[in-house]
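Worksheet for the structure shown next.
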């Protein structure tokens, strides 16, 4: 069911694969994809609440932009002139435990065009960096803690401010500057947060408190997830997708629910109004790539249970669609993959969903899936003509 797709077609004419994603789990696959298609669409959850993003979100009332920046860099054309310098700048983090004035001086150096990386950039990229950093500094509250802040995140916020708080326009600008071989958009631009009810009845607020990336994850599995106004005001709120985003979903050649934090990177993308209906209306394969390794958010869920949870989560937000409208294929590697809570093949088979059990974990990639094989598989499924590849 796998084949080497490299060189099979012009990537500019490749399939439109839509990912519901977030975080860094798809970075390697994204890099592999640019050899196969330049039409992948990465819809990223906007609700991250940890790290340096927390302070930026509170100061500016903006969604989390770190995952958007990361994905743009993963899709960037590495052969583009000045790429190494631009990527280095966008990935740079300000030091920890530095005084606020010295941190602002670092940013002023960038805004004034004196930072070493800028001399290697094209005129248009250097101008964008200077302009967006000046915009950020002009709006930056004096009390904002900039320790460990990502320069790339600050530049994205600067572009957002300069472009009348239009995040889509800011992303389009930086996508062009990076020569991104794919498209990266937030699933919604509502400034909101996530609220979780656990199986033991307790409540946890904020993505960063369940992901296990900043401290211990809860011991109890997640039962429910919803959107709230902010970390202090737990009033339920709504978010909606823009029509151009819904159109991208409906016109997909393949929809993928990929590896990553099960609730905060995958299911959270289904919360905004309009998402599940657009998925159901798409006439294409809909593929769930099961997590290998430990995901604290998937505690207690076998692969079969996770697939059921995904489908039920979508059904709960739709009144007129069937389970088959949301998922028709599950991808696993029962021989090479590690699934902490098991696969539960009888449960999978009972769903009636097609299971592709393939050699996706290679010696080089273990314990994770091989990024190239996942990319080739998805492009093959979107193209409808995959063939067998041995381990």
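Note on segment 96-114: residues that are assigned to a loop (DSSP other than H, G, I, E, B), modelled with pLDDT under 95 and over 27 Å from the mean Cα position of the chain (by Cα) total 3. Whether any residue in segment 299-314 is modelled with pLDDT under 95, surrounded by 15 or more Cβ atoms within 10 Å (Cβ to Cβ), in the same structural domain as residue 17 (by TED's automatic domain parsing) and under 21 Å from residue 22 (Cα atoms) is what I want to check. Among the residues of segment 299-314, at least one is modelled with pLDDT under 95, surrounded by 15 or more Cβ atoms within 10 Å (Cβ to Cβ), in the same structural domain as residue 17 (by TED's automatic domain parsing) and under 21 Å from residue 22 (Cα atoms), which makes the answer yes. Among residues of segment 317-336 that are assigned by TED's automatic domain parsing to the domain that holds residue 277 and under 24 Å from residue 227 (Cβ atoms), those with a beta-carbon under 7 Å from a residue that is modelled with pLDDT of 95 or more and part of a strand (DSSP E or B) at least six positions away or on a different chain give the pairs 326/286; 327/286; 327/288.
Here residue 88 does not qualify as outside the structural domain of residue 175 (by TED's automatic domain parsing) and assigned to a helix (DSSP H, G or I).
Is it the case that residue 31 is buried (at least 17 other Cβ atoms within 10 Å of the Cβ), assigned by TED's automatic domain parsing to the domain that holds residue 258 and out of contact with any strand residue (DSSP E or B) (no Cβ under 6 Å at 6 or more places or on another chain)?
yes
Set side by side, the residues 188, 252 differ, and just one is within 16 Å of residue 68 (Cα to Cα), part of a loop (DSSP other than H, G, I, E, B) and within 19 Å of the chain's Cα centre (by Cα), which is 188.
Looking only at residues of segment 74-85 that are in contact with a helix residue (DSSP H, G or I) (Cβ under 6 Å, 6 or more places away or on another chain) and in a helix (DSSP H, G or I), we find that the one that is surrounded by the fewest Cβ atoms within 10 Å (Cβ to Cβ) is 85.
The set of residues in segment 88-103 that are buried (at least 17 other Cβ atoms within 10 Å of the Cβ) and without any contact (Cβ under 8 Å) to a residue 60 or more places away in the chain comprises 94, 103. Of all residues in segment 334-363, which are part of a loop (DSSP other than H, G, I, E, B), farther than 29 Å from residue 250 by Cα and out of contact with any helix residue (DSSP H, G or I) (no Cβ under 6 Å at 6 or more places or on another chain)? Of everything in segment 334-363, those that are part of a loop (DSSP other than H, G, I, E, B), farther than 29 Å from residue 250 by Cα and out of contact with any helix residue (DSSP H, G or I) (no Cβ under 6 Å at 6 or more places or on another chain) turn out to be 334, 335, 336, 337, 338, 340, 341, 342, 359, 361, 362, 363. Within the option set 50, 66, being under 16 Å from the mean Cα position of the chain (by Cα) and modelled with pLDDT under 95 holds for one residue only, 50.
How many residues does segment 322-333 hold that are over 18 Å from residue 293 (Cα atoms) and part of a loop (DSSP other than H, G, I, E, B)?
Total meeting the criteria: 4.
Every test in (1) within 29 Å of residue 145 (Cβ to Cβ); (2) in contact with a strand residue (DSSP E or B) (Cβ under 9 Å, 6 or more places away or on another chain); (3) assigned by TED's automatic domain parsing to the domain that holds residue 314; (4) surrounded by fewer than 24 Cβ atoms within 10 Å (Cβ to Cβ) is passed by residue 25 save one, and that test is (2).
Would you point out the residue of segment 34-47, among those that are more than 27 Å from residue 209 (Cα to Cα) and within 14 Å of the chain's Cα centre (by Cα), that is surrounded by the fewest Cβ atoms within 10 Å (Cβ to Cβ)? Spell out how you get there, then give the answer.
So the first thing to find is which residues in segment 34-47 are more than 27 Å from residue 209 (Cα to Cα), and the list is 34-41.
Checking the rest, the ones that are also within 14 Å of the chain's Cα centre (by Cα) come to 40-41.
Details: 40: 33, 41: 20.
The qualifying residue surrounded by the fewest Cβ atoms within 10 Å (Cβ to Cβ) is 41.
Within segment 158-185, can you find the residues that are touching a helix residue (DSSP H, G or I) at 6+ places or on another chain (Cβ under 6 Å), touching a residue at least 40 places away in the same chain (Cβ under 8 Å) and in a loop (DSSP other than H, G, I, E, B)? Listed by number, the residues that qualify are 180, 181, 182. Annotation: of all residues in segment 200-217 being free of Cβ contacts under 8 Å to residues at least 40 places away in the same chain and either in contact with a helix residue (DSSP H, G or I) (Cβ under 8 Å, 6 or more places away or on another chain) or part of a loop (DSSP other than H, G, I, E, B) (or both), the one that is surrounded by the most Cβ atoms within 10 Å (Cβ to Cβ) is 202.
The values are calculated or read from the model by the stated rules, or taken from the named source; none is laboratory data. No experiment lies behind these values; they were computed from the predicted model shown. Positions of Cβ are generated from backbone atoms using ideal geometry, with glycine treated the same way; all protein chains shown enter the neighbour counts.
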